[in-house]
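Novice: Take this structure first; my questions come after.
The values are calculated or read from the model by the stated rules, or taken from the named source; none is laboratory data. Here the structure is a predicted model, which is why all the values come from computation and not from measurement. In this analysis, Cβ positions are derived from the backbone assuming ideal geometry, glycine residues included, and neighbour counts consider all displayed protein chains. Surface areas here come from the heavy atoms of the whole protein model, side chains and all, with no ligands, DNA or RNA. Shrake-Rupley method; radii C 1.70, N 1.55, O 1.52, S 1.80 Å.
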Amino acid sequence: MTLSDTSARPGRSVVDLAPVIPVVVLDDPAIAVALARALVAGGLPAIEVTLRTPTALAAIERIAAEVPDAVVGAGTVLSPAQADAAVRAGAAFLVSPGTTPRLLDAMADSGVPYLPGAATASEVMALAERGIAEVKFFPAQAAGGVPYVKSLSGPLPDVRFCPTGGIDAATAPSYLALPNVACVGGSWLTPADAIAAGAWDRVEALAREASGLRAG
């Protein structure tokens, strides 16, 4: 199943919904709905909630139930058990930082679209052999950044990437200018101080700026 199979936006891939997918770490599911509404209002409907906190699944469940315009997914999926739990919580797509055969099988069987991670040409080739043409490139900056992603377009012209890891508002446009980059993932849209203060207008403003970061 590719990302274009998402039922939330029929016929349109999650990576095509906006130039940026916010990568969100939530410690308190009580603020998940307000945060998601601010991101959606700013033009970023696809939201990746990472499974790095004990409350992540509860946050996904709240967003899925209460923010119908959001396409909420689970990030940092590391195991088949996590993939299953995320789908049961309402995740509309799955994202992993890397890939293993067991995890790939579980995501493929999950019933929702998935974006597996890769950091080398060999890893991307292994995913392409399985018919996967949309890949998370992680950790983007540490693994070679814009030059590396650009170099992959020659031997792997049919693969599109969502680079994530160390990307911010200043570096995102350079990635988005590449023909093989569909979108980028980033956490700069949800600064910790803004979340702590409940400054949803600030989050919405950051999202609005990011939604305008289209390739030229």
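Novice: Can you tell me which residues in segment 4-29 are under 12 Å from Ile63 (Cβ atoms), surrounded by fewer than 22 Cβ atoms within 10 Å (Cβ to Cβ) and either at pLDDT 95 or above or not aliphatic (A, V, I, L, M) (or both)?
Specialist: The answer is Pro29, and nothing else.
Novice: Looking at (1) farther than 23 Å from Val24 by Cβ; (2) open to solvent by less than 20 Å² (accessible area, probe 1.4 Å); (3) in a helix (DSSP H, G or I), can you tell me which one Met125 breaks?
Specialist: Only one criterion is unmet by Met125, namely (2).
Novice: Identify the residue in segment 32-57 that is in a helix (DSSP H, G or I) and open to solvent by 40 Å² or more (accessible area, probe 1.4 Å) and, among all such residues, is nearest to Cys183 (Cα to Cα).
Specialist: Ala41
Novice: While we're on this one: Can you find a residue in segment 109-116 that is of a type outside the set (Asp, Glu), out of contact with any helix residue (DSSP H, G or I) (no Cβ under 7 Å at 6 or more places or on another chain) and at pLDDT 95 or above?
Specialist: No: zero hits.
Novice: Would it be correct to say that Pro157 is outside any helix (DSSP H, G or I), open to solvent by 30 Å² or more (accessible area, probe 1.4 Å), out of contact with any Leu (no Cβ under 9 Å at 6 or more places or on another chain) and without any contact (Cβ under 8 Å) to a residue 40 or more places away in the chain?
Specialist: On the way: outside any helix (DSSP H, G or I): yes; open to solvent by 30 Å² or more (accessible area, probe 1.4 Å): yes; out of contact with any Leu (no Cβ under 9 Å at 6 or more places or on another chain): yes; without any contact (Cβ under 8 Å) to a residue 40 or more places away in the chain: yes.
Here the answer is yes, as Pro157 does meet what is asked.
Novice: Pick out the one residue from Thr99, Thr50 that is in contact (Cβ under 8 Å) with a residue 12 or more places away in the chain, polar (S, T, N, Q) and within 16 Å of Val184 (Cα to Cα).
Specialist: Thr50
Novice: If you go through segment 161-192, how many residues are of a type in the set (Phe, Trp, Tyr) and buried (at least 24 other Cβ atoms within 10 Å of the Cβ)?
Specialist: Qualifying residue count for the region: 2.
Novice: Return yes or no: is Gly144 open to solvent by 20 Å² or more (accessible area, probe 1.4 Å) and not β-branched (Val, Ile, Thr)?
Specialist: yes
Novice: Which residues, taken from segment 82-101, are within 19 Å of Ala128 (Cβ to Cβ) and open to solvent by 20 Å² or more (accessible area, probe 1.4 Å)?
Specialist: Correct list: Pro97, Gly98, Thr99, Thr100, Pro101.
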